[in-house]
Amino acid sequence: MSRRSRTKAAEVPAQGAAAARCTVSVCRGCCCGTPKVPRLDHAAQLAELRAGLAEVATVRPVPCLDACEHANVVVVQPSAEGRRAGGRPVWLGLVNDRDASADITAWIAAGGPGLAEMPAILDLYAFSPSRRVREQLDS
């Protein structure tokens, strides 16, 4: 086994464990998570997502996702099971109130992309970023 193969093999369990859950990336870059989005307690939003999803998803703040016109941006990546069922990452923008965060939490708790139908109300928040922007999250 080459050194490269051993390195890849050593990484698989850690990645596999994380992939078993949905991953929720909460943008906290140049516009998201800043006073540029007024009347929203950004720290509380992140804390509520983490608390509400602690058992079913990994919630992580990420640097700017370059979709500033949609601030605050949340990306829900499917679990491994959800991906096998056809689920793909869902980009949600203008997540600027507690009700939107609660709707996202309920959907992910039910299974998220590929396993549970996205509530119709979240259609109002869904958007498709450019391919370049999507690739930044995958790297």
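Check the range 85-105 and report whether any residue there is modelled with pLDDT of 95 or more, in contact with a helix residue (DSSP H, G or I) (Cβ under 6 Å, 6 or more places away or on another chain) and more than 24 Å from Ala47 (Cα to Cα).
no
Search the range 29-60 for residues being of a type in the set (Lys, Arg) and at pLDDT 95 or above, and hand back the single one that is farthest from Asp103 (Cα to Cα).
For the range 29-60, the residue satisfying everything is Arg60.
Out of the residues in the range 48-82 meeting the condition of being touching a strand residue (DSSP E or B) at 6+ places or on another chain (Cβ under 8 Å) and assigned to a helix (DSSP H, G or I), tell me which one is farthest from Cys30 (Cα to Cα).
Only one residue tops the list, namely Gly82.
Where the second residue is in a strand (DSSP E or B) and among the charged types (D, E, K, R) and the first is within 16 Å of Thr58 (Cβ to Cβ) and free of Cβ contacts under 8 Å to residues at least 40 places away in the same chain and lies in the range 89-115, which pairs have Cβ atoms under 6 Å and are six or more apart or on separate chains?
none
Which pairs do you get when a residue that is farther than 30 Å from Arg39 by Cβ, found in the range 71-84, comes within reach of a residue that is charged (D, E, K, R) and surrounded by fewer than 22 Cβ atoms within 10 Å (Cβ to Cβ), reach meaning Cβ atoms under 7 angstrom, with the pair 6+ apart or on two chains?
As it stands, the answer is Pro78/Arg88; Ser79/Arg21, since those pairs meet every condition given.
Has the range 95-117 got any residue that is at positive phi and surrounded by 20 or more Cβ atoms within 10 Å (Cβ to Cβ)?
Yes, the range 95-117 contains at least one residue that is at positive phi and surrounded by 20 or more Cβ atoms within 10 Å (Cβ to Cβ).
The values are calculated or read from the model by the stated rules, or taken from the named source; none is laboratory data. Small disclaimer: the values here were computed from a predicted structure and weren't measured. Methodologically, a virtual Cβ is constructed for each residue, glycine included, from the backbone with ideal geometry; neighbour enumeration extends over all protein chains shown.
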